[in-house]
Amino acid sequence: MSAFAAFGQNDKPTLYRQPSISRTEIVFSYGGDLWIVPRSGGDARRLTTGIGVETDPYFSPDGTMVAFTADYDGNTDVYVVPSTGGIPKRLTYHPSVDEVSGWTPDGKSIIFSSSRNSSSNYTRLFTIPVTGGGLPTQIALPMAERGWMSPDGGYIAYEPLSQWQGDWKHYKGGQTQPIWIAKLSDSSI
């Protein structure tokens, strides 16, 4: 029975979160796991079933892989899994929290944020090869919470600051962050 069929028979609201859309499919987070469904509709199937919480799914540019953030072993790291399913592959091993932000346009690396190189706990953006092996490469920005590269890879749109409390209840204002655009060749804003 699919997530949609199982919960479609219930009048209680459900919370499907963090959708990512490829040419043919949608992946989303629900109940601590990742689910995938055809864009044309139909039954969703569970993509991940690990013990832990999986969030932040992002399709690779060609739609064959899904990068995501997971806490399987007591630490939050970057993982990747084929969009057809399979065993997730862990790509980061640092004790800092590593959270997926997207992919490089060529699909060879995953973009993620981490405070691993910060003495003041600011997050920065890094890339790591999807093949694993090798160390992450820091993107030359002083601080960034999330970022998305332009299709040509020459620019990055990013949020330089994080929300200090994303679930601040009963506040009438907002924590909408500015989005800056940096030229990657010289880090000019």
Got a number for residues in the stretch 70-105 being under 24 Å from Val37 (Cα atoms) and charged (D, E, K, R)? 4
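Listed here are the residues, each with its yes/no results for (1) part of a loop (DSSP other than H, G, I, E, B); (2) at pLDDT 95 or above.
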{"position": "Asp43", "(1), (2)": "yes, no"}
{"position": "Ile51", "(1), (2)": "yes, no"}
{"position": "Pro57", "(1), (2)": "no, yes"}
{"position": "Asp62", "(1), (2)": "yes, yes"}
{"position": "Asp73", "(1), (2)": "yes, no"}
{"position": "Val78", "(1), (2)": "no, yes"}
{"position": "Ile87", "(1), (2)": "yes, no"}
{"position": "Ser96", "(1), (2)": "yes, no"}
For Phe59, which of the numbered conditions (1) under 15 Å from the mean Cα position of the chain (by Cα); (2) without any contact (Cβ under 8 Å) to a residue 24 or more places away in the chain; (3) within 24 Å of Thr137 (Cβ to Cβ) fails to hold? (2)
Extreme residue, modelled with the lowest pLDDT, among residues of the stretch 156-189 that are surrounded by 17 or more Cβ atoms within 10 Å (Cβ to Cβ) and not in a loop (DSSP other than H, G, I, E, B): Glu159
Could you check the stretch 131-147 and list, in sequence order, the residues that are part of a strand (DSSP E or B) and surrounded by fewer than 16 Cβ atoms within 10 Å (Cβ to Cβ)? Thr137, Gln138
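For the stretch 61-80, name all the residues that are farther than 21 Å from Ser115 by Cα and either aromatic (Phe, Trp, Tyr) or surrounded by fewer than 23 Cβ atoms within 10 Å (Cβ to Cβ) (or both).
Pro61, Asp62, Gly63, Thr64, Met65
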Go through the stretch 106-128 and report how many residues are touching a strand residue (DSSP E or B) at 6+ places or on another chain (Cβ under 7 Å) and surrounded by 15 or more Cβ atoms within 10 Å (Cβ to Cβ). 12
Test for Ile128: is it of a type in the set (Val, Ile, Thr), touching a residue at least 12 places away in the same chain (Cβ under 8 Å) and either under 25 Å from Thr64 (Cα atoms) or assigned to a loop (DSSP other than H, G, I, E, B) (or both): yes
Within the stretch 107-125, residues in a strand (DSSP E or B) and either under 23 Å from Ser83 (Cα atoms) or among the small types (Gly, Ala, Ser) (or both) come out as Ser109, Ile110, Ile111, Phe112, Ser113, Ser114
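If you scan the stretch 135-156, which residues turn out to be touching an Asp or Glu at 6+ places or on another chain (Cβ under 9 Å) and more than 19 Å from Pro61 (Cβ to Cβ)?
Answer for the stretch 135-156, where residues must be touching an Asp or Glu at 6+ places or on another chain (Cβ under 9 Å) and more than 19 Å from Pro61 (Cβ to Cβ): Pro136, Ala140, Ala144, Glu145.
The values are calculated or read from the model by the stated rules, or taken from the named source; none is laboratory data. Here the structure is a predicted model, which means the values were calculated and not measured. Quick reminder, even Gly has a Cβ in these numbers, built from the backbone with ideal geometry, and neighbours come from all protein chains shown.
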